[in-house]
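Engineer: Right, I'll just put the structure down here and ask away after.
The values are calculated or read from the model by the stated rules, or taken from the named source; none is laboratory data. Please read these numbers as outputs of a predicted model, since none were measured by experiment. Ideal geometry is used to build each Cβ from the backbone, glycine not excepted, and the neighbour counts take in all protein chains shown. In case anyone asks, the SASA skips ligands and DNA or RNA and just uses the protein heavy atoms, side chains included. Shrake-Rupley method; radii C 1.70, N 1.55, O 1.52, S 1.80 Å.
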Amino acid sequence: MVKNILHSDALHKVGSGIFESSVHVWQYILETNVYPREHVLLKKLREATIKHYGRKSIMMVPAEEGQLISMLLKMTNAKKTLEVGVFTGFSLLTTALALPEDGQVTAVDVDREPFDKVGSQLIREAGVEHKVNFIHSDATSALEKMVKQGEKFDMVFVDADKTSYKKYHEILMKLVKVGGIIGYDNTLWFGYVAVPDEEVPEYMKVDCSALKELNSFLASDTRIEISQVAIGDGLTLCRRLK
Ligand SMILES: C[S@@+](CC[C@H](N)C(=O)[O-])C[C@H]1O[C@@H](n2cnc3c(N)ncnc32)[C@H](O)[C@@H]1O
């Protein structure tokens with residue numbers, strides 16, 4: 001079932017995530033709640049990403065997840081946030097739009113080409129460029145540098161190399177404020193985290209196993225409270241308790 005869904009054309013049309021199992025419900029949510037309220041420049045960014053990157057555009061955070069992230073930022077009055085994994089900038093523009101005028105999102109990506117090609121000009125067009133601090137770097141070295149500098153963030157969104165999430169978690173626990181939130185994207189990995197290993201396609205096994213290990217680890221980490229939200233490809237929210 002998962003396999004058919006994963007390779008179906010519907011996946012590409014509606015995005016990524018576990019809700020392909022209910023494409024009609026997902027389409028309904030998008031058409032009723034999400035697309036009518038989507039910022040015009042987020043729509044432009046989404047469409048430009050699909051145009052430039054085709055199937056690779058699946059890496060983008062789906063619009064309904066962006067809507068949730070935006071609301072979380074506002075509900076928690078986040079002002080200073082961190083993003084690991086930018087690609088063309090969909091989650092970055094979402095964040096920049098949600099932050100107050102004097103807010104700042106620091107965004108790290110090892111590859112700046114997709115951002116330069118698609119996202120940066122639309123972020124300028126949206127008038128939120130002043131809130132964005134893009135760091136072109138491997139995440140581990142950038143995050144370790146921030147720890148040394150004593151940086152603290154209200155919220156962190158991680159959407160990069162899945163095999164490093166567990167390592168990032170230890171560093172991010174030093175970077176997020178007590179009471180702050182770390183969100184890990186793709187923690188359901190197209191639903192494959194919940195099926196026997198032999199049903200996971202070979203090319204997805206390494207990330208799947210890393211995400212399963214992360215999920216178990218987060219569930220047992222007493223320094224945080226968690227909620228694994230079945231949105232997009234799975235978003236685990238961790239609130240730092242101590
Ligand atoms: C899934 S995409 C991010 C999508 C983005 N959040 C969005 O909404 O469009 C993952 C990104 O992580 C970046 N990445 C992968 N490994 C990384 C690393 N070790 N350090 C920094 N960035 C990395 C990739 O270059 C890629 O742009």
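Engineer: Given the structure, is ASP116 more than 9 Å from the ligand (Cβ to nearest atom) and either surrounded by fewer than 22 Cβ atoms within 10 Å (Cβ to Cβ) or assigned to a loop (DSSP other than H, G, I, E, B) (or both)?
Structural biologist: yes
Engineer: With LEU235, LEU143, LEU175, LEU211 as the choices, which residue is closer than 20 Å to GLU64 by Cα and surrounded by 19 or more Cβ atoms within 10 Å (Cβ to Cβ)?
Structural biologist: Exactly one of LEU235, LEU143, LEU175, LEU211 is closer than 20 Å to GLU64 by Cα and surrounded by 19 or more Cβ atoms within 10 Å (Cβ to Cβ), namely LEU235.
Engineer: When you go through (1) more than 10 Å from the ligand (Cβ to nearest atom); (2) farther than 25 Å from PHE217 by Cβ one by one for PHE90, which number turns out not to apply?
Structural biologist: Unmet for PHE90, out of (1) more than 10 Å from the ligand (Cβ to nearest atom); (2) farther than 25 Å from PHE217 by Cβ: (1).
Engineer: Here's a follow-up. From the list LYS80, LYS117, which one is among the charged types (D, E, K, R) and over 17 Å from the mean Cα position of the chain (by Cα)?
Structural biologist: The unique qualifying residue is LYS117.
Engineer: Those residues that are within 19 Å of LEU175 (Cα to Cα) and either hydrophobic (A, V, I, L, M, F, W, C) or surrounded by fewer than 24 Cβ atoms within 10 Å (Cβ to Cβ) (or both), I need them from segment 76-102; list them, please.
Structural biologist: THR76, ASN77, ALA78, LYS79, LYS80, LEU82, VAL84, GLY85, VAL86, LEU92, LEU99
Engineer: Yes or no: ASP197 surrounded by 13 or more Cβ atoms within 10 Å (Cβ to Cβ) and acidic (Asp, Glu)?
Structural biologist: Judged against the criteria, ASP197 is not a match.
Engineer: Pairs only if they're at least six apart or on different chains, beta carbon under 9 angstrom, first in segment 226-242 and part of a strand (DSSP E or B), second of a type in the set (A, V, I, L, M, F, W, C) and open to solvent by 80 Å² or more (accessible area, probe 1.4 Å); list them, first residue then second.
Structural biologist: Filtered contacts from segment 226-242: ARG240/VAL178.
Engineer: If I ask for residues that are touching a Gly at 6+ places or on another chain (Cβ under 8 Å) and either basic (Lys, Arg) or at pLDDT below 95 (or both), which ones from segment 76-121 would you list?
Structural biologist: Selection gives LYS79, LYS80.
Engineer: Take the conditions more than 30 Å from GLN27 (Cα to Cα), more than 12 Å from the ligand (Cβ to nearest atom) and of a type in the set (Val, Ile, Thr) and apply them to VAL132. Does it pass?
Structural biologist: yes
Engineer: Collect the residues in segment 73-113 that are small (Gly, Ala, Ser), assigned to a loop (DSSP other than H, G, I, E, B) and closer than 15 Å to MET60 by Cα, keeping them in residue-number order.
Structural biologist: Hits for segment 73-113 are GLY85, GLY89.
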